[in-house]
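Here is the structure we will look at, set down as structure tokens.
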Amino acid sequence: MTDVEDATTRYLMYGVLPGWFLPGIADWAMHRRTRIEETSGLKESVIHSLMMAEVGVPLALTLLCEVNPLLMSVQLGATAAHEATALWDVRTAVRSDREVTPVEQHIHSFLETLPFAALASLMCLHPDQVRSLLRGGRGDPCAWRLVPRRPPLPRTYLAGIGVGVAAFVALPYAEELVRCVRGACGRRKDRKAGRKAGNRMERKSS
């Protein structure tokens, strides 16, 4: 591994990937401050969960598997899907009563660019696999199957990333989803109570 390759690998492992955690938790805090459970509600929270999956699945595969045309195809597809979902997310928030502040929009810019930065760096590290992908994987029997990393990444590093994902992504957004589910259930009960009260008023007046 050359010095440039080593620096790029360290940038990915200790820069880009952990760098996803801070804007992720900051975005969750903005949703909480603007009372997402009372505004855009469950729909936007489910969109956030979808975006986490669009980042999380290719991330897990990249940490555990060798980079090849299949993995790059997954990464490219997930990155494109994440960008489209991010647009849907902002549109949903703007069309609701939830305020999307300039600070939150700036946080979104970090979250949207990190997948592109990671993918571009990975492609620079593996130009042979980019060429193989452009050729459709011809001549490579492992091109279209998942191959475990050899050697695997250090267990301590994987454990650290797992703790970071749990603490800064999974748990906060699960809490948000629970809040939004409770809010939706509460509004549904209020509507039912309102309809029952209206029916009683109609019966009394008749």
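The values are calculated or read from the model by the stated rules, or taken from the named source; none is laboratory data. Note that this is a predicted model, so its numbers are computed, not measured. No Cβ is skipped: glycine too gets one built from the backbone with ideal geometry, and neighbour counts run over all protein chains shown. Accessible surface is based on the protein model in full, side chains and every heavy atom, while ligands, DNA and RNA are left aside. Shrake-Rupley method; radii C 1.70, N 1.55, O 1.52, S 1.80 Å.
Using heavy-atom solvent-accessible surface (probe 1.4 Å) with all chains present, what is the largest-first order of TRP20, TRP88, TRP144, TRP28?
The most accessible residue leads, giving TRP144, TRP88, TRP28, TRP20.
Amide H to amide H, with H built 1.01 Å from N, CYS65 comes under 5 Å of ARG149, counting only residues 5 or more places away or on other chains. Using just its DSSP H runs of length 4 or more, each adding -39500 (n - 2.57), the chain gives a mean residue ellipticity at 222 nm of -25000 deg cm²/dmol after division by all residues.
What full-extension length gain, to one decimal in nm, is calculated for ARG32 and PHE116 as 0.36 nm per residue of separation minus the Cα-Cα distance? It would help to have the intermediate numbers written out before the result.
Values: separation 84, 0.36 × 84 = 30.24 nm, distance 2.70 nm.
Contour length minus the Cα-Cα distance gives 27.5 nm.
Name the most mobile residue of ARG155, ARG91, ARG182, meaning the one with the largest mean-square fluctuation, in a Gaussian network model of the chain with Cα contacts below 10 Å. Greatest mean-square fluctuation among the candidates belongs to ARG155. Among the protein heavy atoms, those of HIS106 account for about 110 Å² of accessible surface (1.4 Å probe, every chain in place).
Between the entries (i) -0.62; (ii) -0.43; (iii) -0.56, the label attached to log10 I(q)/I(0) by the Debye sum over Cα atoms at q = 0.11 Å⁻¹ calculated for this structure is (i). For the residues THR113, THR34, a 1.4 Å probe over the protein chains yields an accessible-area ranking, largest first, of THR113, THR34.
Against the chain, whose longest principal axis is taken from its Cα atoms, helix 69-95 shows a tilt of about 30°. Per-residue surface analysis assigns VAL46 an accessible area of about 80 Å², computed on protein heavy atoms at 1.4 Å probe radius. The distance between label points at CYS142 and LYS192 comes to 5.6 nm (points 7 Å beyond Cα on the Cα→Cβ vector). Taking all protein chains as shown and a probe of 1.4 angstrom, CYS124 keeps an accessible surface of around 100 Å². Note on exposure: ASP89, ASP190, ASP6, ASP97 ranked by accessible area (1.4 Å probe, complete protein assembly) read ASP97, ASP190, ASP6, ASP89, with the most exposed listed first.
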